[in-house]
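What follows draws every value from the coordinates through simple rules; no lab data is involved. All of these numbers come straight from a predicted model, not from anything done at the bench. Note: ideal-geometry Cβ built from the backbone for every residue, glycine included; neighbour counts use all protein chains shown.
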Amino acid sequence: MIESYNLVVAACFSEDDESNEKPCILVCDLQTAKVFQKITYAPREYPSAVSWHVFEGFADHGPKLKVFVGTSMMADTSNGETESYSPQKGSLRSYDFDVELRCEQELTLNGAVYDIQDFVLAGKSYLVVGINAIVRIYSIERGSNNFEKITESDSQIITYKLKVIKQKQFYSKNVSVKILVADIMKSLTVYTFSRYADDVTGERLNIEARDPNGLWCIEMAHVPNHRSAV
């Protein structure tokens, strides 16, 4: 739900019969609940994650909305492909919104997209994307539809859900965010993504903590510490 634009973007299956089902994205007016756009995908390609980012306006230009859709491509078993525990193909699409969504960029991925979250760090906009075992960060810009890969970590098993936590940081040039990863087969991991590379690791994305147990993690929540303003 994109309240500032009175929009609902929903990933779903069409009402076609099962032999010809067409996964799709529905764009609805939040006030009238009416669907005004339907974007269909190829058979076996399922929209599995949706996110959006609103770029601030400047000069005579108003705010700009971009919607990002990640998909998962199921194996074509009828043609001899073998289904893995997780789809081995997927895509990441960028849509500009102007009256309706218009696809401007499609990036083919070697894995299924489980989650997408947007955030801003030091004035720059980013997406963090869960692609099978990978936590990957892309830079995004208002005037470009390209996805610029910044960094990634492949130490997960299934990056099921992501949350980005912004923290108040005082007197530090190397500002950062925390990225929580719920792994459906490896419990909870906490990453730090920083404006600049770490002096020790040379990386901008670093593991800070990991729950050592093997329990499945499918959801998590950040509880602010009001005493320390974190």
- Relative contact order for the chain: what is it in percent, counting Cα pairs under 8 Å that are at least 6 residues apart? 10
- Message: Highest mean first, how do 70-76, 33-39 rank when packing is the count of other Cβ atoms within 10 Å averaged over residues?
- Response: 70-76, 33-39
- All lysines inside 27 Å of LYS64 as judged from Cα atoms, apart from same-chain residues fewer than 8 positions distant: LYS34, LYS38, LYS124, LYS149, LYS161, LYS163, LYS166, LYS168, LYS178
